[in-house]
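Student: Quick one: this structure, given as structure tokens, is what I'll be asking you about.
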Amino acid sequence: MTEIILNSILIALALGAAGGGVRIIISSIKRRQVGKEVSKNAFFIQLMIYLVIGALSGLLLNSSKVMSLLGGYMAVDLMDVYHKSFNKRKIK
């Protein structure tokens, strides 16, 4: 019984992390198309952070496998939007 629960948790974590990984790859592709440089160090740091965030949100939305995957993607997308909105704010 506990093995089934543990497998369910691990699958939710993996799918959430996969959703976060997909989002960071899409984000870096968009940056390259715009002409912005993507450094390897920054990419790997963001990748690690977004994988953790995606995994945790995938665990929170563990109602189905699809929701875990989408939860990871959406959480990382939300973090990306917050990051962009705070960078655009100008302080006078």
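The values are calculated or read from the model by the stated rules, or taken from the named source; none is laboratory data. Because the structure is a prediction, the values reported are computed rather than measured. Every residue, glycine as well, gets a Cβ built from its backbone with ideal geometry; the counts of neighbours run over all protein chains shown.
Student: Inspect the range 60-74 for any residue being of a type in the set (A, V, I, L, M, F, W, C), within 20 Å of ILE5 (Cβ to Cβ) and loosely packed, with under 13 Cβ neighbours inside 10 Å and give the result as yes or no.
Tutor: Pass one, the range 60-74, residues of a type in the set (A, V, I, L, M, F, W, C): 60-61, 66-67, 69-70, 74.
Applying the additional criterion that residues be within 20 Å of ILE5 (Cβ to Cβ) yields 60-61, 66-67, 69.
So of that shortlist, the ones also loosely packed, with under 13 Cβ neighbours inside 10 Å come out as 66.
Yes, because at least one residue in the range 60-74 is of a type in the set (A, V, I, L, M, F, W, C), within 20 Å of ILE5 (Cβ to Cβ) and loosely packed, with under 13 Cβ neighbours inside 10 Å.
Student: Scan the range 44-63 and give yes if some residue there is at pLDDT below 85 and in contact with a Leu (Cβ under 8 Å, 6 or more places away or on another chain), otherwise no. Let's see the steps before the verdict.
Tutor: Initially, the range 44-63 is screened for residues at pLDDT below 85, giving 46, 61-63.
Then drop every residue that is not in contact with a Leu (Cβ under 8 Å, 6 or more places away or on another chain), which leaves 61.
Within the range 44-63 (the criterion being at pLDDT below 85 and in contact with a Leu (Cβ under 8 Å, 6 or more places away or on another chain)), the answer is yes, since at least one residue qualifies.
Student: Next question. Looking only at the range 34-59, count how many residues are farther than 17 Å from ILE24 by Cβ and either aliphatic (A, V, I, L, M) or surrounded by 12 or more Cβ atoms within 10 Å (Cβ to Cβ) (or both). Full working, then the answer.
Tutor: Start the filter on the range 34-59 by keeping residues that are farther than 17 Å from ILE24 by Cβ, which leaves 35, 59.
Add one more test, that the residue is either aliphatic (A, V, I, L, M) or surrounded by 12 or more Cβ atoms within 10 Å (Cβ to Cβ) (or both), and what stays is 59.
Residues in the range 34-59 being farther than 17 Å from ILE24 by Cβ and either aliphatic (A, V, I, L, M) or surrounded by 12 or more Cβ atoms within 10 Å (Cβ to Cβ) (or both): 1 in total.
Student: Would you check if SER28 is loosely packed, with under 14 Cβ neighbours inside 10 Å, of a type in the set (Gly, Ala, Ser) and without any contact (Cβ under 8 Å) to a residue 24 or more places away in the chain? Let's see the steps before the verdict.
Tutor: On the way: loosely packed, with under 14 Cβ neighbours inside 10 Å: no; of a type in the set (Gly, Ala, Ser): yes; without any contact (Cβ under 8 Å) to a residue 24 or more places away in the chain: yes.
No.
Student: For the range 11-44, what are the residues that are farther than 25 Å from LEU61 by Cβ, in a helix (DSSP H, G or I) and either of a type in the set (D, E, K, R) or under 13 Å from the mean Cα position of the chain (by Cα) (or both)?
Tutor: Residues satisfying the conditions are ARG31, ARG32, LYS40, PHE43, PHE44.
Student: Kindly provide the set of residues from the range 65-92 that are under 13 Å from LEU10 (Cα atoms) and hydroxyl-bearing (Ser, Thr, Tyr), ordered by number.
Tutor: Initial filter on the range 65-92 (under 13 Å from LEU10 (Cα atoms)): 65, 68-69.
The answer is SER68, and nothing else.
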